[in-house]
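*Asks:* Before anything else, here's the structure in question.
The values are calculated or read from the model by the stated rules, or taken from the named source; none is laboratory data. A quick note: this is a predicted structure, and the numbers were derived from the prediction, not measured. Glycine also receives a Cβ, built like all others from the backbone with ideal geometry; neighbour counts cover every protein chain displayed.
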Amino acid sequence: MKVYMGQMKPTLGNVEKNLEMMIEHIDRAIEEKSDIVVFPELSLTGYSLEDIVFDVAINEVPNVLLEKSKEISIVFGAVELGEEDYPYNTAYYLEDGRLLHKHRKVYLPDYGAFSEGRYFMAGNKFRAFDTKFGRMGILVCEDIWHQSAQYILAQDGAKYVFILFNSPVVIGKKKEDISVQWKTILGSNSLLNGVYSIGVNRVGVEDGTTFFGNSFVVAPNGEVIAEGKYLAEDGICCELDEAQLRRSRFKAPMFKTENINLTKRELERIENKKFQ
């Protein structure tokens, strides 16, 4: 399976322009004979939306993306207007002209420069799903910083986990050190759960915040096998070898020996203790 990561620079609130940029990446990915094209968190709208969040929310996936998904599967981020007329930070997976799966971001950061809880409703589930390329999972940014999210997707059978994020530069860090924490987390996720982790970040400056890019893929053995440029738009292709999944799970069989009943029992004990 060949994945193309569309490391783009969305324009805040300009859905039409962002859609045009996405189509350019999609056409490039098709030319590269990729199977799936993946975009960052909120690629359709930009990140710092605040009071315009309802103005850019969508009820349905744009038809042009559904049509393009007949040629290549598409993963992208947008504001979804939910059933309760509350907006969600949502990631969509399109395949063969239809919406196959969507994930509503569960963990909304409300610290530092982030205030997503003011504008978004939180999702309430993590689910793996079947595609023609295998069983997959999607997480959005802060979700990946919670071990339970990774664990649930792996136990639900996901072999490929897409992580859409918008992560900013940290002042004072060297360029090469900006993404160390992200690579550590996704590397651990891949190694311990025997999965491919595909992390796609945006670039550009928005409301004084600079996003660093450097999208990357981690193989099931924990090694980074492809990565994009820092602080610049990029299109990165990477071949994901299914045989690597089997080799990694054989050499490091932690996933096979995981005792999910023990985990469930101990979590119930901890939960009961908290409410005593």
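*Asks:* I'm trying to understand the selection: among the residues of the stretch 119-158, which are assigned to a loop (DSSP other than H, G, I, E, B), buried (at least 17 other Cβ atoms within 10 Å of the Cβ) and over 14 Å from the mean Cα position of the chain (by Cα)?
*Replies:* Tyr119, Phe120, Met121, Gly123, Phe133
*Asks:* Would you pick out the residues in the stretch 85-118 that are acidic (Asp, Glu) and either in a strand (DSSP E or B) or free of Cβ contacts under 8 Å to residues at least 12 places away in the same chain (or both)?
*Replies:* Within the stretch 85-118, Asp85, Glu95, Asp110 qualify.
*Asks:* Quick one: in the stretch 159-183, of everything that is among the polar types (S, T, N, Q) and surrounded by 17 or more Cβ atoms within 10 Å (Cβ to Cβ), which residue is farthest from the chain's Cα centre (by Cα)?
*Replies:* This residue is Ser179.
*Asks:* Then there is this: Could you say whether any residue in the stretch 103-117 is of a type outside the set (D, E, K, R), touching a Ser or Thr at 6+ places or on another chain (Cβ under 8 Å), at pLDDT 95 or above and crowded, with 19+ Cβ neighbours inside 10 Å?
*Replies:* So far as the stretch 103-117 goes, yes, one or more of its residues are of a type outside the set (D, E, K, R), touching a Ser or Thr at 6+ places or on another chain (Cβ under 8 Å), at pLDDT 95 or above and crowded, with 19+ Cβ neighbours inside 10 Å.
*Asks:* Which pairs do you get when a residue that is in contact (Cβ under 8 Å) with a residue 12 or more places away in the chain, found in the stretch 248-266, comes within reach of a residue that is of a type in the set (A, V, I, L, M, F, W, C) and in a helix (DSSP H, G or I), reach meaning Cβ atoms under 7 angstrom, with the pair 6+ apart or on two chains?
*Replies:* Arg249/Phe255; Ala252/Leu191; Met254/Leu192; Phe255/Ala154
*Asks:* Would you check which residues across the stretch 24-55 are without any contact (Cβ under 8 Å) to a residue 60 or more places away in the chain, crowded, with 23+ Cβ neighbours inside 10 Å and over 30 Å from Arg118 (Cβ atoms) and list them?
*Replies:* Across the stretch 24-55, the qualifying residues are Ile26, Val37.
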